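The structure appears right after this line, and notes come after that.
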Amino acid sequence: MGNKFKWLIIFILALMAFLGKVSLVEAIPCSWQCAGTGSGGWCDVCDKQGTDSTSDDECIECGDYGGEIEGMCAGVNFGCGAQECCNGGECGSCGAGAGNCPDGLYLQCGSVSAETCQNVNYKQTCFDRDAWNYGSACGVVGENCQANCSCCPAGTVRTTGSTYNTAAWSYPQGDPGNPATRWHCNSTNDDYLSSTDSSPWWNYNADPEGYYITRYNTCRTASCIVPAPITPSGSCNAQGTAAALSWDGFGEVFEVRLDDLVNGLTFGCGLPDRCIDIAGELSWSPSTTQGHTYAWEVRGKTSAGLTSEWVRGANFTCLAAAINGSCSTDHYNCYSPAASTYNISRDYTWTWTCPGSNGGYDAYCSENKTASSATASCDVLPYSLSNPLPYGGSPTIHLTSTNAIGCGVFHDYGFVEMGMFTSGYFPVGAQTIPGYHEGEVICMNSLGQFSALGTCPYTVNNAPINGSCGSANGGYFYSAPSTNLCNAGTPTVVSGSGPWTWSCIGVYGGTNASCGANILSEPWWQTQGGNIHADNGNISSIIPDSCSGSCLPYLITTGNGATGLASFTGTVDVAEGSLSQDGNNWEAKTEYKGLTTDFAYFRQRLSNDPDGIGDWDGSLPASDGVYETAGAMTTSGGNWTVGSGRMVILLADGNVTINNNIDVSSTAPGGFLAIIASGDIIISNSAVTNIEGVFVSDGVIRTSGTSQLTGEGIFTGWGGFSLGRDLADPADETQPAEKFIYRPDLQVNAYRYLLKQDMTWQEVNP
């Protein structure tokens, strides 16, 4: 078993050696043929390109012929360039360093995409057999590098070549790597274009164990050229003594030739200052002759003698010394030798040009013209600031001027008319904006300058306002009104003694309005039956003369078959009325000398009531009897009704405010209600319109409100009466504000403890 396996291993090794040798002979183009081997088995530098596989010039192996194959000279083809050697298939330094351009050559690249390849070992990246997929940035590295970079002489640039060649190489079946990217051209300066495989796909070789694929690569030889200069520019200085030549380009040296066309030179170098090599510069400033015209050209050049094409610059002329133009003080004249040009007479000035010579600057000249003085004025007759234009009126602007050739008319700075007129009348539309307005005029002098201005101000009245009566119109007043006479317009003096009249005068042409007001009767009061007495005072009820018809103009009217009298210590005044309806007009000027039946009096009398005195809470008690409160009280519980046969006496040691109507039945046997207060009895709620009963106040019985109050019964105010109800106008003229009706039934039905045997109730004749 041991021997069998030994021979098997030897057989496999022999087969591998055979296959490797055949693949190199048949598949790899030899860029440099071997000239022999040294003692150590090193390959010498191949001396020519070719693919010959004969025994005399094939690059088969490196190393010891006596043993196994140590290396393959095929590495020369893929990784080693001229003047480089392979060591066991690896490139070594024989001349220039591995991965660099040979001496005297420099890496030139054609596009930005090659930047990554430029920064790595150029040849090893592009040609090393083991580095076909080096760096993702290069993609198919060999393709990118050979398509964009070349080794070129200094001072040159890489360009795409025009010469094509095809190289063939083979590789065995099963060879590792990607055969689609394994290609090779004959030179580092070649561009790879394409690859094709031989047909049929598999070629049978003499070796019965090997199958190989043959690939044909098409390449294009690149060129390294000297670039031609661009953008040539040439000119002469202002004195004509020197030229300024410039260009852009890439090169070590630039050769420039200058041709003086006046002297008939033809780009020769017979004159030393007309032909020059310039190293590292992009400009040349040769001396020139005034008045001569020059032609010139430039080309790139390397230190090795390579040149670009000549590039011709535009001809230029060197002029004589420049003379600037100069203006004279008189228009259209020049101090310079040349005559003036562009002579123009403008509205306000003369302008002209004094030309320079030999490249000198032109002078631009002007002289102002003198114009005659002009004036402009206007008016809006007959209107002015003191004489306003009626609202909606249309003014006319009157223009006058002197020494003018044309004018413009405006109103409130708005355009009206403009032309070659110097006077006239110019109507303006209706004016509906009250206040300040003005016309404006502007005129031109003899030079066409707007130098004369004039204004004519005026005012416009407000819109007409018709007179309108104010709230006093139709009202009722005790005296002549002085306020609220007019809503619009100006009021006149109020005339008359009641009724009164006045007018509201319209303004700004508005119409007038006639207005008036009525005299207001004072509120008055009235009684029906019974007596009236005023102690230490006057009796006054101002009955208006307008009280007639259903209105009874009497202080005391007849009722219940009774007629009373008025007694007093002062005076009695019934204005336009009469004292009594029966015509007797009984009155007595006398003092009251009877018993003072006040709160204390009745409190003492009622204390004898065997039924006692209850507490009054302000409402109408549910049971008959006497009730009292220790302080002021306001009635409550809605309107009161004291039915027939009921007997209620209410005492308040203070003021009593009556806040509800009170009805006391007069139907036999009749009811009875008495309210007796140590203070005032106050009836101020306008909702209270009727009260019935006996009301006794140590203070004042006070009324107020705007509705008529009817009081039925007996009313005694030991401090007096203050009657303040005031009806709405004109109701005060047709009915009394307060009316008191005598109820004798209340006297008849009086509670027995209120009566006194020596107290009598009777009418007293005068």
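For the range 610-766, would you read off the P(r) tail past 26 Å as a percentage of all alpha carbon pairs? It works out to 25 percent of all Cα pairs.
With a simple spin-label model that places each label point 7 Å from the Cα along the Cα-to-Cβ direction, the separation between Arg346 and Val262 comes to 4.1 nm. Footprinting exposure proxy ranking of Met647, Met418, fewest other C-beta atoms within 10 angstrom first, gives Met418, Met647. Could you check how many percent of all C-alpha pairs in the range 330-393 are farther apart than 19 Å? Taking all Cα-Cα pairs of the range 330-393, the fraction more than 19 Å apart is 58 percent. A simple charge model with +1 on the Cβ of Lys and Arg, -1 on the Cβ of Asp and Glu and nothing else charged puts the dipole of the range 361-463 at about 180 debye relative to its Cα centre. As an exercise, identify the chymotrypsin sites (Phe, Trp or Tyr not before Pro) in the range 439-504 lying in DSSP coil whose Cβ has no more than 11 other Cβ atoms within 10 Å. Here the chymotrypsin sites (Phe, Trp or Tyr not before Pro) that fit, given the DSSP loop and packing criteria, are Tyr478. Here the mean projected area of the convex hull built on the C-alpha positions of the range 356-397 is 7.3 nm².
Please work out the Kirkwood hydrodynamic radius for the range 476-578, using every pair of different C-alpha atoms, and report it in angstroms with one decimal place.
The answer is 16.7 Å.
According to the square roots a ≥ b ≥ c of the eigenvalues of the Cα gyration tensor, what is the shape class of the range 230-317, taking rounded for a/c under 1.5, prolate for a/b larger than b/c otherwise, and oblate for the remainder? Prolate.
How would you rank Met420, Met633, going from fewest to most other Cβ atoms within 10 Å of each one's own Cβ?
The most exposed by this proxy come first: Met420, Met633.
A P(r) calculated from all alpha carbon pairs of the range 375-460, with 5 Å bins opening at zero, reads 3, 17, 28, 22, 14, 9, 5, 1, 0 percent.
Extent along the principal axes, Cα only, for the range 627-685: 33, 22, 16 Å, with the longest axis given first. Translational diffusion of the range 241-385 was estimated from the Stokes-Einstein equation, with Rh taken as the Kirkwood radius over Cα pairs; at 4 °C and 1.567 mPa s the coefficient is 64 µm²/s. Whole-percent P(r), the range 547-624, all Cα pairs, 5 Å bins from 0: 3, 11, 13, 14, 11, 8, 10, 14, 11, 4, 1. The separation of the range 413-445 from the range 503-540, counted between C-alpha centres, amounts to 60 Å. Each principal axis of the Cα cloud of the range 468-519 was taken in turn, and the coordinate range along them, longest first, works out to 34, 17, 13 Å. Averaging the sequence gap over all C-alpha pairs within less than 8 Å and six or more residues apart, then dividing by the number of residues, gives the range 522-766 a relative contact order of 18 percent.
The label point for Leu595 and the one for Ser471, both projected 7 Å from the Cα toward the Cβ, are 5.5 nm apart. Restricting the trypsin sites (Lys or Arg not before Pro) of the range 590-647 to loop positions (DSSP other than H, G, I, E, B) with no more than 10 neighbouring Cβ atoms within 10 Å leaves Lys593. Positive-end ranking of Asn655, Ala674, Trp640 along the dipole of the range 522-766, with charges on Cβ about the Cα centre, is headed by Ala674. Here the calculated FRET efficiency for Ser550 and Ser497, from their Cβ-Cβ distance with R0 = 22 Å, stands at 0.20, rounded to the nearest 0.05.
Read-outs throughout are calculated quantities, based only on the coordinates presented, and are distinct from any laboratory measurement. On a predicted model such as this, the values are computed, not experimentally measured, just so you know. Note: ideal-geometry Cβ built from the backbone for every residue, glycine included; neighbour counts use all protein chains shown.
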